[in-house]
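K.L.:
Have a look at this one.
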Amino acid sequence: MDRQVSALPGDRRFFERNGPFPIQVLADCAGARIEAGGVEGADTPYVGIAPLQSAGPQEVSFLDNRRYAPLLEQTKAGVVILSPAFVDKLPKGTIGLVSQTPYLAWARVASLFHPLPAVEPGIHPTAVIGAGTVIDPTAQIGPFVVLGANVEIGAGTRIDAHAAIGDGVRIGARCRLGSHTCVSHALLGDRVTLLTGARIGQEGFGFAVGPDGFETVPQLGRVVLEDGVEVGANSTIDRGSSQDTVIGAGSRLDNLVQIGHNTRLGRCCIVVSQAGISGSTELGDFVTVAAQAGLIGHIRIGAKARIGAQCGVMSDVDAGADVIGSPAMPFREFFRNVAVLRRLAKKATQNGGGEA
Amino acid sequence: MDRQVSALPGDRRFFERNGPFPIQVLADCAGARIEAGGVEGADTPYVGIAPLQSAGPQEVSFLDNRRYAPLLEQTKAGVVILSPAFVDKLPKGTIGLVSQTPYLAWARVASLFHPLPAVEPGIHPTAVIGAGTVIDPTAQIGPFVVLGANVEIGAGTRIDAHAAIGDGVRIGARCRLGSHTCVSHALLGDRVTLLTGARIGQEGFGFAVGPDGFETVPQLGRVVLEDGVEVGANSTIDRGSSQDTVIGAGSRLDNLVQIGHNTRLGRCCIVVSQAGISGSTELGDFVTVAAQAGLIGHIRIGAKARIGAQCGVMSDVDAGADVIGSPAMPFREFFRNVAVLRRLAKKATQNGGGEA
Amino acid sequence: MDRQVSALPGDRRFFERNGPFPIQVLADCAGARIEAGGVEGADTPYVGIAPLQSAGPQEVSFLDNRRYAPLLEQTKAGVVILSPAFVDKLPKGTIGLVSQTPYLAWARVASLFHPLPAVEPGIHPTAVIGAGTVIDPTAQIGPFVVLGANVEIGAGTRIDAHAAIGDGVRIGARCRLGSHTCVSHALLGDRVTLLTGARIGQEGFGFAVGPDGFETVPQLGRVVLEDGVEVGANSTIDRGSSQDTVIGAGSRLDNLVQIGHNTRLGRCCIVVSQAGISGSTELGDFVTVAAQAGLIGHIRIGAKARIGAQCGVMSDVDAGADVIGSPAMPFREFFRNVAVLRRLAKKATQNGGGEA
């Protein structure tokens, strides 16, 4: 197959493209200082972004990682976004956009060139819409979307093909719900993003042992996704059993993440792919849960704690702590244990394995 | 956003609400003894359920966990479901509903106030239905559902929006298939519940090494979900390769669970979120597999065994055993190992790290 | 429920059935030598496949695993596919189809009797198709499928109900996209298979820390699935951030697998269920990643390396290496560590636990 039809990043088949922009617009967007050296770039119309290796004189590139500093010296990019530490290494003919937060500056400039597709207000004629549902006229509802009764959809919100939204759900402004998302028993704030196949509000895992097997305990809470929350593809967030499951403002969940009933995340938490948080556990603000980590139910994780990949957390974690391992322990202790065990095992083997 | 519009549990936007009910109806439903003390509650119309902290004199609450006993003494709930051990602590003015199985009693009373939405018989006009398919007239088929040819749908079964059911699938009575479920090559008993996005019956992971890469081994078995099975959101159950993949009656699978081809679960097994069971493994009755555990293929797990969270099971497990760790070992041994290693590592560090 | 309506494998409700076939056709298909002994089978019309235990004189069976050799001596199968090592044990009256690769031979013969359902060219009238989209007349597009603008669908490709394909996506020939698949920002080669609910091309997990929380870094790459790639149910493959996410030709991904942005897999890699590979990691050809393993980002895995189940890989892995454990280590070292720790723990316990 032919992969080279269009240059990356920003293949025109898939991405919008704005511009060109002069240097001052880029600097304003990036919140960056212009380090022009002797370069006359004020009138150059910059047309796009590209990696250091392939960028040309009309393109903008980016350096964040010290590892790639050698590429800077050889780049032909017209503009490079970078931190003050690398300004010295700018080649002649390349303008620097100098920022203390170059990755953030890059995110903004890249978004300037390649904005999200605009919302196209309107309701696809195939959508099925329940009684009492109110859709802001600036919202976009895609093909085969099903909205239950008494749903509210805010301004500028886009709901893609096949989404299924249950009765009474409230969705704020400027949300993006991807194809095949399901939402029920939930209240979504503004600027909430759900990627394809995310499941929000289904009943949690609750049952009692009866004489003839398990009997379901009704799950009578809701899911609250606060402003700016993002949920990855095929992730699942169960509604509360009697209170709410809450994802705090600005939190980001990756793909295939599981959130149990009554769980509460604070503001700006990060939950990486395939991690799972069991029921009624509470996370403070700015907690990071790395990939494939698992947290049991009914525990508390303090603000800014970091839970390592594949970590198994069975008890409370202090604010600011770094833990890893299963069961979870401080990072330092975990790697010390690994090293000591390796040494002991080597020794035991050298001694013939009979003694340790 | 305003989360306080409706009281929890049972936000009227999302949940049905029955009642009020007198105390005798609640007691009969719960199978509980009325401990009225001096309270005159026979004529009170109880209107709903609520937590101990917020319940009022016309509401029913619940105590199961010793941790919350202090809340009992201060509750204003009209009725509390509890075990005999807590009857002494009932405040004046509160009636007890005393049960040896208070959580089960609670499940039943909560379901009395908040029943599942009734099935509304009928086929949505957008549904696509194949030749020879027979749908019981009391079943409900939602918008954009696709039923293949020769499908059978039993009485009182509800199939929600966008579900896709393949040719020849048989679904029993009083089943609930959530939005976006896919079922093929499968036989479902009665009272089977699939939450949103569950995938049942797709081909298993089977291939042989050929001269030009992998070649698919046809997957010619089925999936059998026996009566009362529940499967969580976005979980996947592969059909057998030559025999069946079987989930035993009453078993409950949580979200994002993977079941490989030819796997057999006994009755009333529990598989918690993100756990995976590889092909051809067999579980006895009442086995519990905790979150994120993984079982390799072709092993046997005895009845009532309990597999801990994140456990990696590489060989047979005896009936009634409790295992955890990766590789799996008895609970006691696992935690002993953890403690001993911690001690050895501390000692090694104190000794300068050079010796162990 | 009645599970016995149809014999397995190949329940006629769910599977096509071809035949009967004479022995020579089977041998040609299998690429196998006929070991007829004194049997006169040239004219027998073989009608199907069955396990050794249940196969009759007109059926074909299969032996691959030494464990099942005793079943061979008692089988009533007309034909058994097997390796030269077992020919001696063929019972009288059973013809052997002898192959150095009996599992592959079996795959081919089983596919001969039970081919994939034929593609039925045509576009379901409910499908929604964007401007500029080109569908080969031999392709099949199912009900409620949504194809964006400027999509290309190749010859003999089948797209099942509810699939959602984004603008500009290119899909090659003889692909099978299951129900509820989502594909965007992606180029698919020929013979690509996606099982139900697979999500391809959604934005990766990328954001920068801004003054008011996280800000999304635009994800401007694509997903490339090369020829013959298969992706399991509910798996997720994020598009690249600035380059492509690439799955090499012939690779097979199981269910609930996560592939991060910019990740590159070589040819014929295997990724088993619930494994996750983080962003920008590169795998050589023929790498195996077992179930629930996790790889961090920005590392390289050499060709033919094997990553064990639940393994946590934090650094590069050499070509051909076998690793397991979290953190990953050579198989031998892992199991030595396990054994040594067990011994040390036992000893510590015998000594009263006070000394290690």
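The values are calculated or read from the model by the stated rules, or taken from the named source; none is laboratory data. Only a predicted model underlies this, so the values are computations on that prediction, with no experimental measurement involved. Backbone-built Cβ (ideal geometry, glycine too); neighbour counts: all protein chains shown. For the accessible areas, the whole protein counts, side chains as well, though only heavy atoms, and no ligand, DNA or RNA atoms are used. Shrake-Rupley method; radii C 1.70, N 1.55, O 1.52, S 1.80 Å.
K.L.:
Do the conditions hold for residue C:258, that is, is it facing chain A (nearest Cβ under 7 Å), in contact (Cβ under 8 Å) with a residue 12 or more places away in the chain and open to solvent by 10 Å² or more (accessible area, probe 1.4 Å)?
P.N.:
Details: facing chain A (nearest Cβ under 7 Å): yes; in contact (Cβ under 8 Å) with a residue 12 or more places away in the chain: yes; open to solvent by 10 Å² or more (accessible area, probe 1.4 Å): no.
Answer is no for this residue.
K.L.:
Every residue in the range B:285-307 that is of a type in the set (Lys, Arg) and part of a loop (DSSP other than H, G, I, E, B), please. It would help to see each step written out before you state the result.
P.N.:
Just the residues of the range B:285-307 that are of a type in the set (Lys, Arg), to begin with: B:300, B:304, B:306.
Result: B:304, single match.
K.L.:
Please go through the range B:230-247 and give me each residue that is small (Gly, Ala, Ser) and at the interface with chain A (Cβ under 10 Å from one of its Cβ atoms), ordered by number. Steps first, please.
P.N.:
Kept after step one, since they are small (Gly, Ala, Ser), are these residues of the range B:230-247: B:232-233, B:235, B:240-242.
Across the range B:230-247, the qualifying residues are B:232, B:233, B:235.
K.L.:
Looking at the range A:150-173, which of the residues that are open to solvent by 20 Å² or more (accessible area, probe 1.4 Å) and not in a loop (DSSP other than H, G, I, E, B) is farthest from the other protein chains (Cβ to nearest Cβ)?
P.N.:
Ranking the qualifying residues of the range A:150-173, first place goes to A:158.
K.L.:
Additional query: Only one residue in B:313, B:287, B:340 is in contact with a Leu (Cβ under 8 Å, 6 or more places away or on another chain) and outside the structural domain of residue B:251 (by TED's automatic domain parsing). Which one? Full working, then the answer.
P.N.:
Numbers: B:313 fails: outside the structural domain of residue B:251 (by TED's automatic domain parsing); B:287 fails: outside the structural domain of residue B:251 (by TED's automatic domain parsing).
Matching residue, one of B:313, B:287, B:340: B:340.
K.L.:
Suppose we filter the range C:316-334 for residues that are small (Gly, Ala, Ser), open to solvent by less than 40 Å² (accessible area, probe 1.4 Å) and over 23 Å from residue A:255 (Cβ atoms); how many remain? First the steps, then the outcome.
P.N.:
The first filter runs over the range C:316-334 and keeps only residues small (Gly, Ala, Ser), leaving C:319-321, C:325-326, C:328.
Checking which are open to solvent by less than 40 Å² (accessible area, probe 1.4 Å) leaves us with C:321, C:325, C:328.
Then keep just the ones that are over 23 Å from residue A:255 (Cβ atoms); that gives C:321, C:325.
Total satisfying the criteria: 2.
K.L.:
Restricting to the range A:18-47, count the residues that are within 27 Å of the chain's Cα centre (by Cα) and more than 10 Å from chain C (Cβ to nearest Cβ). Steps first, please.
P.N.:
As a first pass, look at the range A:18-47 and keep what is within 27 Å of the chain's Cα centre (by Cα): A:18-19, A:26-32.
Next cut, more than 10 Å from chain C (Cβ to nearest Cβ) only: A:18-19, A:26-30, A:32.
Looking only at that region, the number is 8.
K.L.:
Which condition does residue A:252 not pass, out of (1) open to solvent by less than 10 Å² (accessible area, probe 1.4 Å); (2) in the same structural domain as residue A:194 (by TED's automatic domain parsing), if it passes all the others?
P.N.:
Every listed condition holds for residue A:252 apart from (1).
K.L.:
Okay, moving on. List the strands (runs of 3 or more DSSP E) that sit entirely inside the range B:188-230 and contain at least 2 residues that are open to solvent by less than 10 Å² (accessible area, probe 1.4 Å). Write out each step before concluding.
P.N.:
Working: elements: B:207-210, B:213-216, B:222-225.
Answer list for the range B:188-230: B:222-225.
K.L.:
Next up: Please go through the range B:22-45 and give me each residue that is within 20 Å of residue A:208 (Cβ to Cβ) and either part of a helix (DSSP H, G or I) or touching a strand residue (DSSP E or B) at 6+ places or on another chain (Cβ under 6 Å) (or both), ordered by number. It would help to see each step written out before you state the result.
P.N.:
Taking the range B:22-45 first, the residues within 20 Å of residue A:208 (Cβ to Cβ) are B:25-33.
Those that are within 20 Å of residue A:208 (Cβ to Cβ) and either part of a helix (DSSP H, G or I) or touching a strand residue (DSSP E or B) at 6+ places or on another chain (Cβ under 6 Å) (or both): B:25, B:26, B:27, B:28, B:29, B:30, B:32, B:33.
K.L.:
Tally time: how many residues in the range B:271-284 are outside any strand (DSSP E or B), touching a Ser or Thr at 6+ places or on another chain (Cβ under 9 Å), open to solvent by 10 Å² or more (accessible area, probe 1.4 Å) and more than 18 Å from residue A:311 (Cα to Cα)?
P.N.:
Of the residues in that region, 3 qualify.
K.L.:
Also, quick follow-up: So residue C:313 clears everything in (1) farther than 25 Å from residue C:181 by Cα; (2) open to solvent by 10 Å² or more (accessible area, probe 1.4 Å) except one condition, right? Which one?
P.N.:
(2)
K.L.:
Write out, first by first residue and then by second, each pair whose Cβ atoms fall under 9 Å of each other, whose residues are 6+ apart or on separate chains, and whose first residue, in the range A:120-145, is over 24 Å from residue B:163 (Cα atoms) and within 12 Å of chain B (Cβ to nearest Cβ) while the second is of a type in the set (Gly, Ala, Ser) and part of a loop (DSSP other than H, G, I, E, B).
P.N.:
Every condition considered, the pairs that remain are A:132/A:149.
K.L.:
Looking at C:145, C:109, C:183, which is the one that is closer than 26 Å to residue A:16 by Cβ and touching a Leu at 6+ places or on another chain (Cβ under 8 Å)?
P.N.:
On inspection, the qualifying residue turns out to be C:183.
K.L.:
Same structure again: Any residue that is within 25 Å of residue C:219 (Cβ to Cβ), more than 10 Å from every other protein chain (Cβ to nearest Cβ) and free of Cβ contacts under 8 Å to residues at least 40 places away in the same chain - is there at least one of those in the range C:300-311?
P.N.:
Quick first cut of the range C:300-311, residues within 25 Å of residue C:219 (Cβ to Cβ) only: C:300-301.
Imposing the further condition that a residue be more than 10 Å from every other protein chain (Cβ to nearest Cβ) reduces the set to C:300-301.
Narrowing further to those that are free of Cβ contacts under 8 Å to residues at least 40 places away in the same chain: C:300-301.
Checking the range C:300-311: at least one residue is within 25 Å of residue C:219 (Cβ to Cβ), more than 10 Å from every other protein chain (Cβ to nearest Cβ) and free of Cβ contacts under 8 Å to residues at least 40 places away in the same chain.
K.L.:
Another one. When residue C:82 is evaluated against the numbered criteria (1) in contact with an Asp or Glu (Cβ under 7 Å, 6 or more places away or on another chain); (2) at pLDDT 95 or above, which criterion, by number, is the only one it fails?
P.N.:
With (1) in contact with an Asp or Glu (Cβ under 7 Å, 6 or more places away or on another chain); (2) at pLDDT 95 or above applied to residue C:82, the lone miss is (1).
K.L.:
Taking the conditions exactly as written (within 7 Å of chain C (Cβ to nearest Cβ) and of a type in the set (Ser, Thr, Tyr)), does residue B:251 satisfy them or not?
P.N.:
no
K.L.:
While we're here: In the range C:212-224, is there at least one residue being of a type in the set (S, T, N, Q), more than 7 Å from chain A (Cβ to nearest Cβ) and in contact with a Cys (Cβ under 7 Å, 6 or more places away or on another chain)?
P.N.:
No: the range C:212-224 contains no residue that is of a type in the set (S, T, N, Q), more than 7 Å from chain A (Cβ to nearest Cβ) and in contact with a Cys (Cβ under 7 Å, 6 or more places away or on another chain).
K.L.:
While we're on this one: Within the range A:113-124, does at least one residue satisfy the condition of being of a type in the set (A, V, I, L, M, F, W, C), under 30 Å from residue C:241 (Cβ atoms) and surrounded by 23 or more Cβ atoms within 10 Å (Cβ to Cβ)?
P.N.:
yes
K.L.:
For residue A:89, indicate whether it is open to solvent by 20 Å² or more (accessible area, probe 1.4 Å), without any contact (Cβ under 8 Å) to a residue 40 or more places away in the chain, touching a helix residue (DSSP H, G or I) at 6+ places or on another chain (Cβ under 9 Å) and over 24 Å from residue C:149 (Cα atoms). Steps first, please.
P.N.:
Details: open to solvent by 20 Å² or more (accessible area, probe 1.4 Å): yes; without any contact (Cβ under 8 Å) to a residue 40 or more places away in the chain: yes; touching a helix residue (DSSP H, G or I) at 6+ places or on another chain (Cβ under 9 Å): yes; over 24 Å from residue C:149 (Cα atoms): yes.
Answer is yes for this residue.
K.L.:
Among the numbered criteria (1) farther than 24 Å from residue B:312 by Cα; (2) in contact with a Gly (Cβ under 8 Å, 6 or more places away or on another chain), which one does residue A:310 miss?
P.N.:
It is condition (1) that residue A:310 fails.
K.L.:
Which one of these is more than 16 Å from residue C:117 (Cβ to Cβ) and either of a type in the set (Asp, Glu) or in contact with a helix residue (DSSP H, G or I) (Cβ under 8 Å, 6 or more places away or on another chain) (or both): B:163, B:208, B:155? Steps first, answer last, please.
P.N.:
Numbers: B:163 fails: either of a type in the set (Asp, Glu) or in contact with a helix residue (DSSP H, G or I) (Cβ under 8 Å, 6 or more places away or on another chain) (or both); B:155 fails: either of a type in the set (Asp, Glu) or in contact with a helix residue (DSSP H, G or I) (Cβ under 8 Å, 6 or more places away or on another chain) (or both).
Answer to the check: B:208.
K.L.:
Out of curiosity, is residue A:339 surrounded by fewer than 19 Cβ atoms within 10 Å (Cβ to Cβ), more than 9 Å from chain C (Cβ to nearest Cβ) and not in a loop (DSSP other than H, G, I, E, B)? Can you show your working first?
P.N.:
Details: surrounded by fewer than 19 Cβ atoms within 10 Å (Cβ to Cβ): yes; more than 9 Å from chain C (Cβ to nearest Cβ): yes; not in a loop (DSSP other than H, G, I, E, B): yes.
Against the criterion (surrounded by fewer than 19 Cβ atoms within 10 Å (Cβ to Cβ), more than 9 Å from chain C (Cβ to nearest Cβ) and not in a loop (DSSP other than H, G, I, E, B)), residue A:339 qualifies.
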